[in-house]
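Presented below is the structure to which this report refers.
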Amino acid sequence: MNPAPLVALVGNPNAGKSALFNALTGARQKVGNYPGVTVERHSGRMALPDGRPVELVDLPGAYSLDPSSPDEQVTRDVVTGTQTGERLPDAIVVVVDAANLDNHLRFTLQLVALGLPVVVALNMIDLAERDGLTLDPNVLAQELGVPVLPTVAVRRRGLDALKEALATVLQQGPAHPIRPSDHPVAEDIVTLQRRARALSEKATVSETAVRRWTHRLDAVALHPVFGTLLLLAILFVMFQAVFAWSQAPIDWIQGGMDALGGAVSAALPPGFIRSLLVDGLIAGVGAVVVFLPQILILFAFILTLEASGYMVRAAFLMDRLMASVGLSGRAFIPLLSSFACAVPGIMATRTIDDEKDRLTTILIAPLMTCSARLPVYSIMIGAFIPARDVLPGVGLQGLVLFSLYVAGIIGAFFAALILRKTVTKGASSGFLMEMPKYQWPHPKDLLLGLWQRALIFLKRAGTIIASTTIVLWLLLSFPKPPIGSTVSPVDYSIAGRIGHGIEKVVAPIGFNRDISLALLPAMSAREVAVAAIGTVYAIDNPDQPAGERNLIQNLRTHWTLPTALAFLMWFVFAPQCISTIAITRRETNGWKWPAFMVGYLFALAYIAAGATYWIAVAIGL
Amino acid sequence: MNAPHAVDQRVALSNMPRHQQARVADVHWDTLSPPEARRLRELGLDEGVRIELLHRSAFGRGPIACRIGRMTVALRRHIAGAIDVIPAA
């Protein structure tokens with residue numbers, strides 16, 4: 001049987017391509033990677049009106065077939081049939097923004113010239129109408145010589161007609177035999193642009209000047225004073241929400257984990273297996289899974305800001321500040337994404353054209369507080385910072401969390417400033433980007449994004465985190481101290497002995513045995529630190545039930561406040577994450593920059609944690 | 001060709017008042033880096049296109065937002081300084 005026809009979704013950035021992809025494929029999506037490059041391949045299945053399946057692939061947004069980034073290169077190579085690991089598509093769906101035809105038609109003209117069967121989705125037609133623009137799709141279809149269908153992807157409108165047209169062009173096949181070609185029809189960009197403008201004018205039936213919503217919103221969002229205040233307010237609400245909204249779901253998960261641990265304890269006789277399951281696996285994985293609600297809340301904010309078009313406004317507001325440390329406003333988006341996770345953040349630096357700019361952004365991205373640090377911050381704050389309001393609606397715990405984020409940002413700015421004067425010296429690049437229209441994100445698109453994040457997180461919890469906690473549990477459990485020994489089981493174990501070695505190095509900055517034991521496994525993923533400390537106590541006191549409440553109790557009894565604060569500062573700066581190091585290696589093509597990053601971040605972490613500890617001790621905390 | 005009075009009316013985009021409609025008269029492509037020039041082309045900048053300055057960011061030398069054709073584009077001052085426009089009557 002022949003494989004299902006391959007259809008590629010292509011279009012300019014901000015044409016609503018991903019929304020259309022979601023609308024057409026629903027949740028039946030696969031996220032992979034193109035071989036040799038770090039560009040994600042999003043594909044999914046879709047059924048044509050006659051029931052035939054089609055494989056749909058969502059290509060990265062591009063402005064033309066003349067690539068200026070690895071993403072745009074993949075798009076060019078796929079539609080010309082030269083991308084390894086991808087066959088030449090049987091048809092292309094070109095997604096254009098109806099309100100931005102002048103521009104998007106230029107790329108459309110290039111794509112139509114390739115000769116593959118093409119359907120044009122005249123997307124976001126509702127927003128164009130809202131802006132007082134009336135278009136005639138038939139004129140466009142006639143001029144381009146391909147079907148043009150109006151769609152509103154986020155509202156799921158016009159999809160059936162689009163599928164119908166796609167079925168027809170697939171049936172007809174290409175106008176002439178297509179051979180993969182290295183060089184598509186290259187018309188000079190100026191000529192193409194002028195043709196696109198003429199075409200757009202022809203297809204415009206009428207245009208009434210209305211005060212556009214986007215302009216009204218921008219009058220506030222880009223205002224030098226109000227815009228800046230708005231950005232700060234959004235960020236502040238985001239971080240407060242991470243704490244305030246997550247309490248109830250955290251309690252449910254906690255309850256579920258406690259019940260599971262109890263059920264397993266009751267069902268199994270005391271011994272090796274029960275201890276491994278309850279103290280190792282359930283305690284370890286449970287300690288991490290409870291943070292799922294907080295991570296999802298954070299991602300919900302970031303995805304919403306991205307989909308609504310606000311993110312670029314934030315970049316605009318931040319450009320001046322970024323320029324003062326030698327970066328571009330463009331760095332703001334990767335850096336803000338790094339608050340969720342440095343890995344997608346570092347991958348997002350690919351939109352930065354200038355090599356030095358990009359490298360600097362990669363090097364400071366780990367200083368943005370990623371969601372994996374939340375479990376660590378959250379448990380420490382929960383244990384040592386009283387839950388009271390400093391102002392109505394402003395909790396002290398949220399405020400401390402906010403300051404930890406700010407500490408990372410300030411550290412990043414100083415690091416950038418110094419890096420740009422030393423190792424990444426060079427002329428600063430510009431800031432030049434399109435500002436998309438504001439748009440209400442579709443709840444389904446957001447949910448789909450959150451679902452994918454949740455899966456990734458749970459997979460990590462189920463694999464890396466579970467195996468690290470089990471290995472740690474084994475190292476902590478063996479060898480057992482001889483009966484009658486006064487040495488604690490943890491101190492006697494292999495891990496305990498390794499921990500004592502590490503402790504010699506970190507004792508000057510106030511770190512205790514628990515921290516020394518947690519630092520090594522936390523390299524696999526930061527949140528493992530919590531699980532690791534949980535496991536240490538579970539083995540030291542096998543009679544205590546595991547769980548967050550007990551962990552907090554244990555921390556309060558065994559740790560001093562200066563030690564806790566030093567530990568928090570360590571996590572602001574330390575490169576405690578193998579994935580980040582790995583992605584840095586991949587994105588910078590070698591070990592030189594990741595090695596440099598690890599070195600400077602550990603040094604910074606050591607100094608910051610040490611300073612915090614000694615100051616805290618000196619002022620008598 | 002350009003009448004002398006048209007040449008006199010030329011203003012750098014960076015010096016335009018906000019919301020004053022204008023058309024692009026001339027772009028000093030040679031003062032821009034090749035990637036900048038190409039990206040500007042891709043964002044639709046061309047001689048004769050409608051252009052309007054929408055926003056200046058805070059603190060003096062920050063970027064500006066302008067409308068090029070139908071698209072809103074953010075760019076830094078030195079790029080705006082390379083774009084000469086003729087204000088619409």
Answer residue from the stretch B:74-89, given it is closer than 23 Å to A:ASN12 by Cα and either surrounded by fewer than 18 Cβ atoms within 10 Å (Cβ to Cβ) or more than 10 Å from the chain's Cα centre (by Cα) (or both) and is modelled with the lowest pLDDT among those: B:ARG76
What do you reckon, is A:LEU417 more than 14 Å from chain B (Cβ to nearest Cβ) and either assigned to a loop (DSSP other than H, G, I, E, B) or closer than 23 Å to A:LEU604 by Cβ (or both)? yes
Members of the stretch A:354-370 that are within 20 Å of the chain's Cα centre (by Cα), open to solvent by 10 Å² or more (accessible area, probe 1.4 Å) and of a type outside the set (A, V, I, L, M, F, W, C): A:ARG358
Where residues in the stretch A:323-332 are in a helix (DSSP H, G or I) and surrounded by fewer than 24 Cβ atoms within 10 Å (Cβ to Cβ), which of them is nearest to the other protein chains (Cβ to nearest Cβ)? A:ALA323
Can you find a residue that is modelled with pLDDT of 90 or more and farther than 23 Å from A:LEU231 by Cβ anywhere in the stretch B:57-67? no
Regarding the stretch A:17-33, can at least one residue be identified that is part of a loop (DSSP other than H, G, I, E, B), buried (at least 18 other Cβ atoms within 10 Å of the Cβ) and in contact with a helix residue (DSSP H, G or I) (Cβ under 7 Å, 6 or more places away or on another chain)? no
Could you tell me how many of the residues in the stretch B:55-77 are more than 7 Å from every other protein chain (Cβ to nearest Cβ) and of a type in the set (A, V, I, L, M, F, W, C)? 3
When A:ILE498 is evaluated against the numbered criteria (1) without any contact (Cβ under 8 Å) to a residue 24 or more places away in the chain; (2) farther than 24 Å from A:ALA283 by Cα, which criterion, by number, is the only one it fails? (2)
Looking for something within 14 Å of chain B (Cβ to nearest Cβ) and open to solvent by less than 40 Å² (accessible area, probe 1.4 Å) - is there at least one such residue anywhere in the stretch A:455-467? no
Residue that is surrounded by the fewest Cβ atoms within 10 Å (Cβ to Cβ), among those in the stretch A:53-98 that are of a type outside the set (A, V, I, L, M) and under 20 Å from A:LEU140 (Cβ atoms): A:SER64
Residue that is on the phi < 0 side of the Ramachandran plot and at pLDDT below 85, where the choices are A:SER328, A:SER378: A:SER328
Residue that is farthest from the other protein chains (Cβ to nearest Cβ) [pool: residues in the stretch B:21-54 that are open to solvent by 60 Å² or more (accessible area, probe 1.4 Å) and within 12 Å of B:ALA88 (Cα to Cα)]: B:ARG23
Which of the residues that make up the stretch A:101-117 are of a type outside the set (S, T, N, Q) and in contact with a Pro (Cβ under 8 Å, 6 or more places away or on another chain)? A:ALA113, A:LEU114, A:GLY115, A:LEU116, A:PRO117
Output the qualifying pairs, or none if there are none: Cβ atoms under 8 angstrom, residues six or more apart or on different chains, first residue in the stretch A:542-563 and at pLDDT below 85, second residue crowded, with 17+ Cβ neighbours inside 10 Å and assigned to a loop (DSSP other than H, G, I, E, B). A:GLU548/A:VAL290
If we ask which residues in the stretch A:386-403 are among the hydrophobic types (A, V, I, L, M, F, W, C) and in contact with a Leu (Cβ under 6 Å, 6 or more places away or on another chain), their number turns out to be 1
Looking only at the stretch A:371-395, count every residue that is part of a loop (DSSP other than H, G, I, E, B) and either of a type in the set (A, V, I, L, M) or crowded, with 22+ Cβ neighbours inside 10 Å (or both) and tell me the total. 4
Return the residues of the stretch A:270-299 that are open to solvent by 30 Å² or more (accessible area, probe 1.4 Å) and over 20 Å from A:ASN541 (Cβ atoms); say none if nothing qualifies. A:LEU296
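The values are calculated or read from the model by the stated rules, or taken from the named source; none is laboratory data. These numbers come from a predicted model, not from an experiment. Quick reminder, even Gly has a Cβ in these numbers, built from the backbone with ideal geometry, and neighbours come from all protein chains shown. Ligands, DNA and RNA are excluded from the accessible area calculation, which covers all protein heavy atoms including side chains. Shrake-Rupley method; radii C 1.70, N 1.55, O 1.52, S 1.80 Å.
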